[in-house]
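J.: Before I ask anything, here is the structure I am working with.
Just so it is clear, none of the values below were taken in a lab; they were calculated from the coordinates. Just so you know, these numbers come straight off a predicted model, no measurement behind them. Counting neighbours? That spans all protein chains shown, and the Cβs are built from the backbone with ideal geometry, glycine included.
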Amino acid sequence: MMYIKRKLAILSTAAFWFISCNAGAQDQFPSRPIKLVVPNVPGGGSDVIARAVAQRLAPLLGQAVVVENRSGGAENIGIDFVAKSAGDGYTLLYASNSLTIKPSLYKGLPYNVENDLQPLGNVITDRMYIVAGMNAPFKTLAELQKYAKEHPGKLAYGTPGTGTPHHLAMELYKSTAGLDIVHVPYRGTGPGVTDLIGGSIPLLISTSSPVVGYVKTGKVRPIAIFDDKRSSSYRDVPAISETSPGVKVVIWQGFFVPKGVPTADSAKLTEALKAVANDAGFIKQMNELNITATWTPPDTVRSMVKAEIAQWARVVKEAGIQAE
């Protein structure tokens, strides 16, 4: 009998340690691969940056970070997928500030940006420029404004599409400066650059990377930057706020998770993302793309999202913009 009791005691102790160790392993986040949803097609700018982050994130978290492209529906398919995913920290969304435009552009969205998603932090920022063709009847921002006022409705500008930050930034500028310039939406920046060089359109709203090579070869000319300060790359190009105070639009990209992720787990993801944003190799890779690696913490992103949603709602309403 004594032998049986001793045997049961040993088995009970072993079972206790097994359960404790197993529970500890389950509590260790992350304990399995993480899915990173990119709501854009493979190979695009956002996809390239997301994969660069994922590659560096995996060793920091000790788990694979698998990029999954869920494009379509003007990014809404991928965003909605993440918004409706379990709040366990294993599904991340890579998004830009186009996220803040969608609530005013698309009626009846199946998700609520502020209520269904929580930010982990932003990793990059990018600036947009008003770029003119070499045959345009103006060479500076001041000359553009003068020409546009003398020829209302006769000028056109291109963007990567309706409802993009590029589109709304220009509409904000037009409203502030009192200009009448027609919008020409393209399916991406590439076709717009081609038409700008060819003289089909006089203006294009673009970030630096798609046009920098053509600026260097004298095929296009940046005449303003959507910021409150000039760029170190183009010191002679004025900030648009110099003539239109308050007009500043910065493109940012960062990471979100569904609401409900445990605080400790979201904090771990945030710290890992911060380390990536400050990584010398990542900074160098972004610089080569003419993009600035910049860490923005989640509380700041949350405030930015709230402010931008309100700002773009006003612009969309005033300009009468409708989704295509």
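J.: How large are Rg and Dmax for region 53-122 when calculated on the C-alpha trace, in angstrom?
T.: 13.0, 40
J.: What label, among [x] 0.99; [y] 1.23; [z] 1.36, belongs to Cα Rg over 2.2 N^0.38 Å computed from the structure on display?
T.: Read-out taken from this structure: [y].
J.: Quick one: 61, 99, fewest Cβ neighbours within 10 Å first, how do they rank?
T.: Ranked by crowding around the Cβ, least crowded first: 61, 99.
J.: Along region 133-139, what does the Karplus equation 6.51 cos²θ - 1.76 cosθ + 1.60 (θ = phi - 60°) give for ³J(HN,Hα), rounded to whole Hz, x for Gly and Pro?
T.: Couplings: x, 5, 9, 5, x, 7, 10 Hz.
J.: Taking amide H atoms as placed 1.01 Å from N in the peptide plane, list the residues 5 or more away in sequence, or in a different chain, whose amide H sits under 5 Å from that of residue 121.
T.: Sorted by chain and number, the residues that satisfy this are 255.
J.: Can you compute 3J(HN,Hα) from phi for each residue in region 81-86, using the Karplus curve 6.51 cos²θ - 1.76 cosθ + 1.60 with θ = phi - 60°, rounded to whole Hz and x for Gly and Pro?
T.: With coefficients 6.51, -1.76 and 1.60, one gets 4, 5, 4, 9, 6, 5 Hz.
J.: Please determine, in degrees from 0 to 90 and to the nearest 10, the orientation of helix 45-61 with respect to the longest principal axis defined by the Cα atoms of the chain, where the helix direction is its Cα long axis.
T.: Helix 45-61 sits at roughly 30 degrees to that axis.
J.: A further question follows. Relative to the longest principal axis of the chain, what angle (0 to 90°, nearest 10) does the C-alpha long axis of helix 263-277 take?
T.: Rounded to the nearest ten degrees, it is 50.
J.: Just rank 186, 147, 129, fewest to most, by other beta-carbon atoms within 10 angstrom.
T.: Numbers: 186 20, 147 17, 129 27.
With the fewest neighbours first, 186, 147, 129 line up as 147, 186, 129.
J.: Another question about this same structure. Using alpha carbons only, how many degrees (0 to 90, rounded to 10) separate the axis of helix 189-198 from the longest principal axis of the chain?
T.: Taking the Cα atoms of the chain, the angle to 189-198 is about 20 degrees.
J.: Given Cβ point charges of +1 (Lys, Arg) and -1 (Asp, Glu) and nothing else, what value in debye, to the nearest 20, does the dipole of region 223-303 about its Cα centre take?
T.: Working: 9 positive and 9 negative charges, 19 e Å.
Charge dipole of region 223-303: 100 debye, to the nearest 20.
J.: Treat every Asp and Glu Cβ in the chain as -1 and every Lys and Arg Cβ as +1, leave all other atoms uncharged, and give the resulting dipole magnitude about the Cα centre to the nearest 20 debye. Working shown, then result.
T.: Details: 33 positive and 26 negative charges, 109 e Å.
Here the chain has a charge dipole of around 520 debye.
J.: Based on alpha-carbon centroids, what's the gap between region 199-248 and region 130-198 in Å, whole number please?
T.: 11 Å
J.: Give the residue from 118, 101, 167 lying farthest towards the positive end of the charge dipole for the chain; charges sit on Cβ (+1 for Lys and Arg, -1 for Asp and Glu) and the dipole is referred to the Cα centre.
T.: 118
J.: So for region 127-242: antiparallel DSSP bridges make up what percent, rounded to the nearest 5?
T.: 55 percent
J.: In addition: Considering only Cα-Cα distances, which of the following residue pairs are longer than 27 Å: 84/248; 35/274; 35/317; 216/306; 174/284; 139/317?
T.: 84/248; 35/317; 216/306; 174/284; 139/317
J.: Quick check for me: using +1 on Lys/Arg Cβ and -1 on Asp/Glu Cβ, what's the dipole size of region 173-284 about its Cα centre, in debye to the nearest 20?
T.: Rounded to the nearest 20 debye, it is 180 debye.
J.: Using Cα centres only, tell me the gap between region 48-117 and region 260-307 in whole Å.
T.: Centre-to-centre (Cα) distance: 14 Å.
J.: So how do 312, 252, 295 line up by other beta-carbon neighbours within 10 Å, fewest first?
T.: The most exposed by this proxy come first: 295, 252, 312.
J.: Give a residue-ordered list of calculated ³J(HN,Hα) values for region 249-254 (Karplus: 6.51 cos²θ - 1.76 cosθ + 1.60, θ = phi - 60°; whole Hz; x for Gly, Pro).
T.: 9, 10, 7, 10, 9, x
J.: Further, regarding this structure: So what is the relative contact order for the chain, in percent, with contacts set as C-alpha pairs under 8 Å and at least six apart? Kindly include the intermediate steps, with their values, before the conclusion.
T.: Numbers: 579 pairs, mean separation 80.9, N = 324.
Averaging sequence separation for qualifying contacts and normalising by length gives 25 percent for the chain.
J.: Let me ask another. Could you check what % of the DSSP bridge pairs in the chain are antiparallel, to the nearest 5?
T.: Once the DSSP bridges in the chain are tallied, antiparallel ones form about 60 percent.
J.: Under 5 Å between amide H atoms, partner at least 5 residues away or on a different chain: which partners does residue 208 have, H built in plane at 1.01 Å?
T.: 127
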